[in-house]
Amino acid sequence: MLSTSDIRFALLFIQLFSLYRETSSLKSMVIKVPEAVKSGDTVTLKCEYDLENVALYSIKWYWNDEEFYRYIPKESPPFKAFPVKLVNVDLSKSGANAVTLRGVHRQLTGDYKCEVSADGPLFHTDILVARMIVAELPHDDPIMSLRDTKVEIGKKIQVECFSASSDPEANLTWFINNKEAKDNNDFITIHPTKVEKDAMLELKSARSKIEILTNKSHFIQGVMTVRCVGSVYNLWHGSVENYIRDDSPKLAQVLGSTLSQSQLDPIFEHHGNNATWMKRVSNLNLFLCLMFSISRIVLR
């Protein structure tokens, strides 16, 4: 037969076990905050949780530790927005699992926290945090600048790409003939992107430069296509491209000039020995020019 002390101990154990189960009442808590949004957009932040049959006490949302929204089912009305600079809560679209912000400003980039509390007696609480970037996007496509649109194979060219006025700065990527250019060989050098800041507007511009030591593989039917693509997360994409033509001497052009000179040969036949000597010198010069041009083409 159990003594009174044994019964009390058993009841205490049952109570403690019950309390332990209650402390584990928050399960599968997930916060859903966009990684990046456009300045001026309306954004919905979500907080999902499983209280396992325990009543909800409160939901609280914070921006960088400043509470801006609260939901308590036992109060009337259950929702409340707090004055935080630039935070505009749409109460009609907010509730126990989500809060909606209207017209977000880029200064609202920061950490967003969802705090979920179960009802008493333990009021178990969990907090999850996610960061959201509010981006100011460029108004125009990138701008490309290059000095030469024609180049001989073996010569180096430089191309610059500029994307203005955004926050954060645009990411710039180079493509040659629709293939992404990589700075991993002797023919392509991509310089580190330079970021220029506008202190007055608090915006940033990005400038990138690529150097290409041209070879035959860079030209398709005598043309190289160079493209610069700018992006800000998945919110904005812009591009600009230009064409560079192969301006190397062609063998047919050299032979053509020789043929044109040969048409003049009969003229020399009517001017005696002196004219014949001049003709031979001229032909020798043409021959040497021809051999020099052929050697340049072969060596490439």
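Only the coordinates and a few stated rules stand behind these numbers; no lab work does. Keep in mind the model is a prediction, meaning the values are calculated, not measured. When we count neighbours, we look across all protein chains shown, and the Cβ atoms used for this are built from the backbone with ideal geometry, even at glycine.
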Q | Cross-link pairs Lys155/Lys182; Lys46/Lys74; Lys32/Lys60; Lys32/Lys204; Lys38/Lys85; Lys156/Lys250 - those with Cα-Cα distance over 24 Å | A | Lys32/Lys204
(Q) Suppose we keep just the alpha-carbon trace of the range 154-193; what are its Rg and Dmax in angstrom? (A) 12.1, 39
Q.
Counting pairwise Cα distances across the range 25-135, what percent come out greater than 19 angstrom?
A. 41 percent
Q. Where Lys and Arg each count +1 and Asp and Glu each count -1, what net charge lies around Ile72 among other residues with Cβ under 11 Å from its Cβ?
A. +2
Q: Provide the gained length on full extension for the span Lys197 to Asn178, in nm with one decimal, where the gain is 0.36 nm per separating residue minus the Cα-Cα distance.
A: 3.8 nm
Q. So how far apart, in nm, are the two label points at Glu241 and Asp148 if each is 7 Å from Cα heading toward Cβ?
A. 2.3 nm
(Q) For q values of 0.14 Å⁻¹, compute log₁₀ I(q)/I(0) with the Debye formula on a Cα-only model of the range 143-246, without solvent. (A) -0.54
Q: Based on a Kirkwood Rh over C-alpha pairs, give the Stokes-Einstein translational diffusion coefficient of the range 76-172 at 20 °C and viscosity 1.002 mPa s in µm²/s.
A: 116 µm²/s
Q: Measure out, as a whole number of angstrom, how far apart the alpha-carbon centroids of the range 129-173 and the range 198-215 sit.
A: 5 Å
